[in-house]
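Asker: Here you go, one structure.
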């Protein structure tokens, strides 16, 4: 049977600051620019989660999209929406909240939850859009996919 890729897009708003406390203010500003703003800055993030698998012969689903949406909302967006990613999100504590690090943290949570709630589906990719021009894509730490 063929592998099908199923995607769900969710949205959240959040603030963060890219700032390495081991560096001077000048070095932070040089490396991170306005993202090092001491009073934070915010984004309207779009999160796209892709799972893969073979369709269930009874339903035709790899995963019920209502279930996938519920998992993403309960495990991710409800915890990050309208939050300060540096201060308010327990699973990002002590982590530089770059998009790269955020998708890794999201992956660890979603991979487990999707596997627990829908064993037929496997997390394939997470895309996090920070702006209309900037986004990251992550395929998990054991995947060597080159785009």
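Asker: Quickly run through the stretch 44-56 and pick out the residues that are over 30 Å from residue 2 (Cβ atoms) and buried (at least 18 other Cβ atoms within 10 Å of the Cβ).
Answerer: Step one: of the stretch 44-56, the residues over 30 Å from residue 2 (Cβ atoms) are 44-45.
Of everything in the stretch 44-56, just one residue is over 30 Å from residue 2 (Cβ atoms) and buried (at least 18 other Cβ atoms within 10 Å of the Cβ), namely 45.
Asker: For a quick check of your reading of the model, give me the residue pairs whose first member lies in the stretch 44-67 and is part of a loop (DSSP other than H, G, I, E, B), whose second is surrounded by fewer than 14 Cβ atoms within 10 Å (Cβ to Cβ), with beta-carbon atoms closer than 6 Å and at least 6 apart or on different chains.
Answerer: 54/1
Asker: So, one more: Given the residues 111, 38, 30, 78, which is the only one that is touching a strand residue (DSSP E or B) at 6+ places or on another chain (Cβ under 6 Å) and more than 15 Å from residue 129 (Cβ to Cβ)?
Answerer: On the way: 38 fails: touching a strand residue (DSSP E or B) at 6+ places or on another chain (Cβ under 6 Å); 30 fails: touching a strand residue (DSSP E or B) at 6+ places or on another chain (Cβ under 6 Å); 78 fails: touching a strand residue (DSSP E or B) at 6+ places or on another chain (Cβ under 6 Å).
Only one candidate qualifies: 111.
Asker: Say we look at the stretch 111-132 and pick out the residues that are under 11 Å from the mean Cα position of the chain (by Cα) and crowded, with 18+ Cβ neighbours inside 10 Å; which of these is nearest to residue 72 (Cα to Cα)?
Answerer: 126
Asker: Also: Which one of these is within 20 Å of residue 7 (Cβ to Cβ), outside any loop (DSSP other than H, G, I, E, B), touching a residue at least 40 places away in the same chain (Cβ under 8 Å) and under 14 Å from the mean Cα position of the chain (by Cα): 76, 104? Outline the logic, then answer.
Answerer: Details: 104 fails: touching a residue at least 40 places away in the same chain (Cβ under 8 Å).
Just a single option satisfies the conditions, and that option is 76.
Read-outs: derived from the displayed coordinates by stated rules, not from any lab. Just so you know, these numbers come straight off a predicted model, no measurement behind them. All Cβ positions, glycine included, derive from the backbone under ideal geometry; neighbour counts span all protein chains shown.
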